[in-house]
1. Given the criteria part of a helix (DSSP H, G or I), at pLDDT 95 or above, surrounded by fewer than 24 Cβ atoms within 10 Å (Cβ to Cβ) and β-branched (Val, Ile, Thr), does Ile296 qualify?
2. Kindly list the number of the only condition in (1) among the hydrophobic types (A, V, I, L, M, F, W, C); (2) in contact (Cβ under 8 Å) with a residue 60 or more places away in the chain; (3) buried (at least 18 other Cβ atoms within 10 Å of the Cβ) that fails for Val136.
3. Would you point out which residue out of Val231, Val264, Val180 is more than 29 Å from Ile296 (Cα to Cα) and of a type in the set (A, V, I, L, M)?
4. Would you point out which residue out of Val209, Val213 is open to solvent by less than 10 Å² (accessible area, probe 1.4 Å), farther than 30 Å from Leu66 by Cα and of a type in the set (A, V, I, L, M, F, W, C)?
5. Which is open to solvent by less than 10 Å² (accessible area, probe 1.4 Å), charged (D, E, K, R) and more than 30 Å from Thr218 (Cβ to Cβ), of Asp128, Asp82?
6. Quick check on my filter: what residues within the stretch 267-293 are among the hydrophobic types (A, V, I, L, M, F, W, C) and either open to solvent by less than 10 Å² (accessible area, probe 1.4 Å) or touching a Gly at 6+ places or on another chain (Cβ under 7 Å) (or both)?
Amino acid sequence: MRIARIQAWWVRIPIEAARQHKSDFGQITTFDAAIVRVETDTGIVGWGEGKNAAGSAGTYGALVSLINNEIAPALRGRDARDINGIWEMLYNGVRHQKAAASGHVMPVLARRGLTVAAISAIDIALWDILGKSLGVPVWQLLGGRKSERMPAYASGGWASADKIGEQLQSYIDKGGFKAVKMRVGSMDGAPHVSSERVHAAREALGPGVSIMVDAHGTYTVADAKRFAHMVRDCDLAWFEEPVAADDKQGIAEVRAACGIPIAVGESEATRFDFRDLAVARAADVFQPDLGFCGGISEAMKIGAIASAFNIRLAPHLWAGAPAFYAGLHVCAASPSSFILEYSLGANPMLHDLVVEKLDVAEGTIAIPDAPGLGITVDEDFLKAHAMGG
């Protein structure tokens, strides 16, 4: 079963004005991603997704060009089932044969950023192909699932202090969620503004709902500590990305000082970044993004690191359908996973790109039983929203 064709598109789907939100990323008017189609010589098609950034907006011309013009030619004719070998070949580049023979990595200089995002997209598609070829869901290939459904939290929360309770309660009403996440940080200006919003949310929702907060890495270490001190009485489930991902020592400093569980990782690529976070004692929750960290293969390795360090796994699932469903399968199979992220912001890349509808009920999401990822991409919809397509 050889790889015959690989095609990537920059897909940009407009978000209707009434459903747009504004955060530190600005006004979000579109949902963008690099969507990849891999076809074998047996006719099986797998779908993947690569991301330039953790957010939903971005430009994907360079990533799509990398996949179509450099990676696709290198993979034509390769056995599509050789998932680990292909991952390591792309990561190690021209030295991949030496690396394989030596038993240790010799990565290319550009091993982060676009390179790993491209690897992520290919890896997800290959797992999709393998599952379809065997007639089983990806979670079965990863060792089985621990549950048919998993708890999820509703992710959103941009409203002002006088409206945040109403906004978060609307999420709970839509899916019976028992946990919600709201945004804080530079979008509010000073830490006390974010604190006011968090206190308003807790007062509105009461003690029975878990509240997570996400600063998108926009605080300084000092301001992250100040904010954490201000909300110490709000019983937060976690404080996500308090400071920039490149400042791992700063993240560890915040964790040591604040007493709130720290969740990080959506901006990190490969097991090596997560190893550094674990060793630095910087995290309580790992949040790899399947479209950026290295795909399903690498997410499972990250989950193993989490388990070894008694850290929990909750992937960043603000994504299109291929990366989101990939996260469902990883969570189903990983012993360290415990909750799923479910976007309550506008996400046409998840809901309109594929035929299937997620089974969301009583704050849980069903793990798909269909072969592969369990998605059927609407190729007409995809091509209608492909940039230049």
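The values are calculated or read from the model by the stated rules, or taken from the named source; none is laboratory data. All of these numbers come straight from a predicted model, not from anything done at the bench. Here the Cβ is made from the backbone with ideal geometry for all residues, glycine too, and neighbour counts use every protein chain on show. For accessibility, only protein heavy atoms count, side chains too; no ligands or nucleic acids. Shrake-Rupley method; radii C 1.70, N 1.55, O 1.52, S 1.80 Å.
1. Considered against the rule, which asks whether it is part of a helix (DSSP H, G or I), at pLDDT 95 or above, surrounded by fewer than 24 Cβ atoms within 10 Å (Cβ to Cβ) and β-branched (Val, Ile, Thr), Ile296 comes out as no.
2. (3)
3. Only one candidate qualifies: Val231.
4. On the way: Val209 fails: open to solvent by less than 10 Å² (accessible area, probe 1.4 Å).
Checking each option against the conditions leaves just Val213.
5. That would be Asp128, the only listed residue that is open to solvent by less than 10 Å² (accessible area, probe 1.4 Å), charged (D, E, K, R) and more than 30 Å from Thr218 (Cβ to Cβ).
6. Hits for the stretch 267-293 are Ala269, Phe274, Leu277, Ala278, Ala282, Ala283, Val285, Phe286, Leu290, Cys293.
Listed here are the residues, each with its yes/no results for (1) open to solvent by 40 Å² or more (accessible area, probe 1.4 Å); (2) of a type in the set (Gly, Ala, Ser); (3) over 20 Å from the mean Cα position of the chain (by Cα).
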{"site": "Leu63", "(1), (2), (3)": "no, no, no"}
{"site": "Glu70", "(1), (2), (3)": "yes, no, yes"}
{"site": "Pro107", "(1), (2), (3)": "no, no, yes"}
{"site": "Leu114", "(1), (2), (3)": "yes, no, no"}
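Here's the yes/no breakdown for (1) at pLDDT 95 or above; (2) of a type in the set (A, V, I, L, M); (3) in contact with a strand residue (DSSP E or B) (Cβ under 9 Å, 6 or more places away or on another chain):
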position: Arg145; (1), (2), (3): yes, no, yes
position: Arg149; (1), (2), (3): yes, no, yes
position: Ala152; (1), (2), (3): yes, yes, yes
position: Gly156; (1), (2), (3): no, no, yes
position: Gly175; (1), (2), (3): no, no, yes
position: Ala179; (1), (2), (3): yes, yes, yes
position: Arg183; (1), (2), (3): yes, no, yes
position: Met187; (1), (2), (3): no, yes, yes
position: Val193; (1), (2), (3): yes, yes, no
